[in-house]
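K.L.:
Sharing a structure, written as structure tokens. Questions coming.
The values are calculated or read from the model by the stated rules, or taken from the named source; none is laboratory data. Just so you know, these numbers come straight off a predicted model, no measurement behind them. Don't worry about glycine lacking a Cβ; one is built from the backbone with ideal geometry, like all the others, and counts go over all protein chains shown. These area figures cover heavy atoms from the full protein model, side chains too; ligands, DNA and RNA do not enter into them. Shrake-Rupley method; radii C 1.70, N 1.55, O 1.52, S 1.80 Å.
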Amino acid sequence: MERTPPTRERLDIEPLRVLATLPSMGKVMVASSERGVTHERIGPVEAVSSEGLFIRVSGPSHDSRIDPREIANIIADRSGRMGEKVFPRIDFQTSDDAVLFSVVGFEGIEPFDAALASLGAGTPLEAAPGKPAGERGEVVESDPGALPFSRASASGEATTIGFHREGFEQRWRGRIETVKPAMGFINIIQPDFHMHLKAGAVTGWRQDGDRLFAIAPDGSLLGLFVAPEPR
């Protein structure tokens, strides 16, 4: 009899084996969020490889580099929906149950479950508690967070937008079509990439070579950088 996976389950499998299933899921989103920055790459994963202590997930215009030592739990959750379509996800959590990054299946439940079937049954879990909506400030026209993205959009030059946090880093490369302030965020919405930068999260930028690094209100680096692509 074919197994019907639970709505939510813990996958007691090492991260590399779970990530190695991504190329067979079709279009997916790999997303991470911290301190007002959300960085989401969208599209098929072409390759998953081990690089020393790290794992690299790569696809068209994208690269993610993951430190599996920061991953304590892997949760598959099939409850996400938009209208009639299911958007299943895998949350890779740290030891304090915070989500380090997530993978969301855009092709529906069938390729998601087919890809994970080779890993065997997980441990069923109860539904996750709901999360309260965060506060949304207003994006003012002078918000410095938008400046390098607006310049790159106006110039039409190919750009790298990178995001780094402990245990995870990800880069997207391409041309920024438009920058859209909305719902308290500075947004880049493109077929293969989404970025959402919370209003007021960036107070300035620090230049190092050809890279600009975002500065948080407390003076620390935010983990977000922008750089022109080499010609």
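K.L.:
Under the classification rounded if a/c is under 1.5, otherwise prolate if a/b is larger than b/c and oblate if not, where does the chain fall, given a ≥ b ≥ c as square roots of the Cα gyration tensor eigenvalues?
P.N.:
prolate
K.L.:
Additional query: Rounded to the nearest 0.05, what FRET efficiency do Thr7 and Arg69 have when you use their Cβ-Cβ distance and R0 = 25 Å? Spell out each step's value before the answer.
P.N.:
On the way: r = 29 Å, r/R0 = 1.16.
After rounding to 0.05, the efficiency reads 0.30.
K.L.:
Now, a different point. On the accessible surface of the chain, probed at 1.4 Å, how many percent belong to carbon and sulfur atoms?
P.N.:
Numbers: 6130 of 11920 Å².
About 51 percent, which is the carbon plus sulfur part of the accessible surface.
K.L.:
Right, here's the next one. Could you work out the relative contact order of region 142-188, using alpha carbon pairs under 8 angstrom and six or more residues apart, expressed as a whole percent?
P.N.:
Details: 53 pairs, mean separation 15.9, N = 47.
After rounding, I find 34 percent.
K.L.:
Sticking with this structure for a sec: According to the square roots a ≥ b ≥ c of the eigenvalues of the Cα gyration tensor, what is the shape class of region 1-124, taking rounded for a/c under 1.5, prolate for a/b larger than b/c otherwise, and oblate for the remainder?
P.N.:
Numbers: a/c = 1.32, a/b = 1.23, b/c = 1.08.
Here region 1-124 falls in the rounded category.
K.L.:
Based on Cβ point charges of +1 for Lys and Arg and -1 for Asp and Glu, what charge dipole magnitude is obtained for region 97-217 about its Cα centre, in debye rounded to the nearest 20? Before the final figure, lay out the partial values.
P.N.:
Details: 11 positive and 16 negative charges, 80 e Å.
Result for region 97-217 is approximately 380 debye, rounded to the nearest 20.
K.L.:
On to the next question. Compute the length gained on full extension between Ile189 and Ser79: take 0.36 nm times their separation in residues and subtract their Cα-Cα distance, giving the result in nm to one decimal.
P.N.:
Numbers: separation 110, 0.36 × 110 = 39.60 nm, distance 2.42 nm.
The Ile189-Ser79 span can extend by a further 37.2 nm.
K.L.:
Follow-up. Give me the dipole magnitude in Debye, nearest 20, for the chain about the Cα centre, with unit charges on the beta carbon: positive for Lys and Arg, negative for Asp and Glu. Each step should come with its number before you reach the end.
P.N.:
Working: 26 positive and 33 negative charges, 68 e Å.
Using only the charged Cβ atoms, the result is roughly 320 debye.
K.L.:
With contacts defined as alpha carbon pairs under 8 Å and 6 or more residues apart, what's the relative contact order of the chain in percent? Intermediate results must be reported in sequence, preceding the final value.
P.N.:
On the way: 519 pairs, mean separation 47.1, N = 231.
Dividing the mean separation by the residue count of the chain yields 20 percent.
K.L.:
Provide the per residue accessible area, probe 1.4 Å, for the chain, rounded to a whole number of square angstrom.
P.N.:
Numbers: 11920 Å² over 231 residues.
Averaged over the residues of the chain, the accessible area is 52 Å².
K.L.:
Can I ask one more? Could you go through region 161-169 in sequence order and give the Karplus-derived ³J(HN,Hα) for each residue, using 6.51 cos²θ - 1.76 cosθ + 1.60 with θ = phi - 60°, rounded to whole Hz, and x for Gly and Pro?
P.N.:
For region 161-169, the Karplus-derived couplings read 10, x, 9, 9, 9, 4, x, 8, 9 Hz, x marking Gly and Pro.
K.L.:
Choose one answer from Glu141, Glu46, Glu84: the residue with the largest mean-square fluctuation in a GNM of the chain with alpha-carbon springs under 10 Å.
P.N.:
Evaluated over the chain, the most mobile residue of the options is Glu84.
K.L.:
Applying the Karplus parametrisation 6.51 cos²θ - 1.76 cosθ + 1.60 with θ = phi - 60° to the phi angles of region 82-88, what ³J(HN,Hα) value in whole Hz is obtained for each residue in order, glycine and proline being reported as x?
P.N.:
9, x, 8, 8, 8, 10, x
K.L.:
Oh, and also: Within region 37-74, name every residue whose backbone N is under 11 Å away from a label modeled 7 Å from Cα of Leu16 along the Cβ vector.
P.N.:
The answer is 49-56, 68.
K.L.:
Over the alpha-carbon set of region 131-221, divide Rg by the Kirkwood Rh and report the Rg/Rh ratio to two decimals. Walk me through the intermediate numbers first.
P.N.:
Working: Rg = 13.3 Å, Rh = 14.0 Å.
Radius of gyration relative to Kirkwood radius: 0.95.
K.L.:
Something else now. Could you compute the FRET efficiency for Ser155 and Ser58, with r as their C-beta to C-beta distance and R0 at 22 Å, rounded to 0.05? Please list the in-between numbers first.
P.N.:
Numbers: r = 27 Å, r/R0 = 1.21.
Rounded to the nearest 0.05, the efficiency is 0.25.
K.L.:
Now for a separate question. Would you mind calculating the relative contact order of region 99-221 from Cα pairs under 8 angstrom and at least 6 residues apart, reporting the percent as a whole number? Don't jump to the answer; show the numbers that get you there.
P.N.:
Numbers: 146 pairs, mean separation 25.1, N = 123.
Averaging sequence separation for qualifying contacts and normalising by length gives 20 percent for region 99-221.
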